[in-house]
1. From B:VAL172, B:VAL163, which residue is free of Cβ contacts under 8 Å to residues at least 40 places away in the same chain, more than 8 Å from chain A (Cβ to nearest Cβ), of a type in the set (A, V, I, L, M) and surrounded by 15 or more Cβ atoms within 10 Å (Cβ to Cβ)?
2. Does the stretch A:39-62 hold any residues that are at pLDDT below 80, of a type outside the set (D, E, K, R) and surrounded by fewer than 20 Cβ atoms within 10 Å (Cβ to Cβ), and which are they?
3. So, restricting to strands (runs of 3 or more DSSP E) that lie completely within the stretch A:55-140, which ones have at least 2 residues that are within 12 Å of chain B (Cβ to nearest Cβ)?
4. Scan (1) within 13 Å of chain A (Cβ to nearest Cβ); (2) surrounded by 18 or more Cβ atoms within 10 Å (Cβ to Cβ); (3) part of a helix (DSSP H, G or I) for the single condition B:GLU9 breaks and write down its number.
5. Being among the aliphatic types (A, V, I, L, M) and over 26 Å from B:ARG184 (Cβ atoms) is the filter here, so list the residues in the stretch A:86-119 that pass it.
6. Are there any pairs, at least 6 apart or on different chains, whose C-beta atoms fall under 8 Å, with the first in the stretch A:86-109 and surrounded by fewer than 16 Cβ atoms within 10 Å (Cβ to Cβ) and of a type outside the set (A, V, I, L, M, F, W, C) and the second in a strand (DSSP E or B) and modelled with pLDDT of 90 or more, and if so, which?
7. Sort out which residues of the stretch A:63-75 are without any contact (Cβ under 8 Å) to a residue 60 or more places away in the chain and buried (at least 17 other Cβ atoms within 10 Å of the Cβ), and write them in order of number.
8. In the stretch A:175-191, what count of residues is obtained for those that are more than 7 Å from chain B (Cβ to nearest Cβ), free of Cβ contacts under 8 Å to residues at least 24 places away in the same chain and not in a loop (DSSP other than H, G, I, E, B)?
There are 2 protein chains.
Amino acid sequence: MYNLMEELEEKRESSISSQDIGKRLGVGSHNIRKDIGFLGETGTSGSGYEIAKLKSNIEKKLGFARQRSACIIGLGSLGSVIMNYQDLPFPCFSIVAGFDSNINKLETIQTTIPVYPTYEIQSVIQRDNIELAVITEPDRNIEKITERLIEGGIKGIINFTPVILSSDLESVYIRNIDIMTEFRYVSALFTLHNQ
Amino acid sequence: MYNLMEELEEKRESSISSQDIGKRLGVGSHNIRKDIGFLGETGTSGSGYEIAKLKSNIEKKLGFARQRSACIIGLGSLGSVIMNYQDLPFPCFSIVAGFDSNINKLETIQTTIPVYPTYEIQSVIQRDNIELAVITEPDRNIEKITERLIEGGIKGIINFTPVILSSDLESVYIRNIDIMTEFRYVSALFTLHNQ
């Protein structure tokens with residue numbers, strides 16, 4: 001629903017009915033009204049819900065307005081790219097630390113964000129209250145790194161590498177999104193189509 | 001299989017049997033031998049397949065060694081981050097052009113890669129033989145942009161925005177990977193868990 005509100009705001013629309021939201025999202029309008037009720041003030045106007053109000057209510061209720069702390073694991077191409085950007089690269093999270101097992105990378109990387117060797121993961125996460133780890137590069141010791149993240153009290157891991165991570169702990173949310181393989185897959189498709 | 005070979009090479013292993021590959025990938029060793037047969041020279045040694053050879057055969061057969069041209073659509077935070085990195089941000093593809101509908105962004109972005117307004121998509125893609133478009137930012141005119149990409153002869157689109165794109169053309173591969181929503185989802189989870 002939040003994505004839809006963003007899209008409508010982009011298109012300069014100002015209000016929408018629960019029927020129209022339901023139609024766009026493929027959900028019954030009764031459920032839409034229930035969800036909007038959960039958001040607190042409904043922000044209704046004569047011709048439907050006010051889009052800006054609905055969007056800001058979602059932001060408040062789900063904590064989108066609050067910036068949480070995240071760290072980057074792996075300071076190779078993708079990791080450095082994210083660390084070096086001045087603006088916020090991801091919604092809801094600020095990058096406050098970077099880690100790599102390779103000491104050379106720590107010494108040569110140019111960034112204003114502090115970087116640490118991976119054996120310091122646990123202490124830095126606790127000290128800086130880091131809630132999310134974004135893993136951008138395969139690492140030989142990825143299982144050990146994941147252990148350290150969990151021991152440090154990490155709440156979530158978004159893993160962009162081809163290695164599939166999992167945890168038995170319900171308190172840690174792990175999401176595997178294999179970006180590198182997506183690009184290789186597309187390249188392989190193009191190659192095989194041209195043969 | 002390629003990911004497994006990369007992982008084993010990271011771990012300094014030198015060879016592996018078809019049984020072991022099958023076990024790791026959850027596939028019968030007969031199918032593994034068939035796939036490896038398709039790769040041309042099998043690269044067998046006494047104690048199994050040579051990992052380095054297998055990896056390079058996959059690279060050759062699937063065209064991983066060849067660099068294809070890609071462009072970035074949307075020069076906001078994620079798009080600029082990718083454009084500004086010196087190394088290759090993605091396997092198999094070089095970024096050769098950037099596009100944005102906002103002329104101000106085109107004028108202010110600092111990058112060595114040429115940038116163009118989105119109405120030039122079709123001609124630039126044809127001229128520079130661009131095969132893949134990476135969409136990094138929602139755009140009010142995303143449907144129009146997609147049309148222009150397809151008219152320009154694009155072969156694939158990787159879409160990192162929340163808008164879901166699709167095409168009736170079998171010749172165009174479209175992959176929707178909604179990164180922004182992943183981060184918002186994690187943030188919402190953390191918020192709701194703490195209530």
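1. Working: B:VAL163 fails: more than 8 Å from chain A (Cβ to nearest Cβ).
After applying the criteria, what remains is B:VAL172.
2. Those that are at pLDDT below 80, of a type outside the set (D, E, K, R) and surrounded by fewer than 20 Cβ atoms within 10 Å (Cβ to Cβ): A:LEU39, A:GLY40, A:THR42, A:GLY43, A:THR44, A:SER45, A:GLY46, A:SER47.
3. Numbers: elements: A:68-73, A:93-100, A:115-117, A:132-135.
Strands (runs of 3 or more DSSP E) meeting the threshold: A:68-73, A:93-100, A:132-135.
4. Checking B:GLU9 against (1) within 13 Å of chain A (Cβ to nearest Cβ); (2) surrounded by 18 or more Cβ atoms within 10 Å (Cβ to Cβ); (3) part of a helix (DSSP H, G or I), the one that fails is (2).
5. Listed by number, the residues that qualify are A:ILE103, A:LEU106, A:ILE109, A:VAL115.
6. If the second residue must be in a strand (DSSP E or B) and modelled with pLDDT of 90 or more, the pairs left are A:SER94/A:ARG68; A:SER94/A:SER69; A:SER94/A:ALA70.
7. A:GLY63
8. Total satisfying the criteria: 2.
The values are calculated or read from the model by the stated rules, or taken from the named source; none is laboratory data. Keep in mind it's a predicted model, so treat the numbers as computed, not measured. Note that each Cβ is placed from the backbone with ideal geometry, even for glycine, and that neighbours are counted across all protein chains shown.
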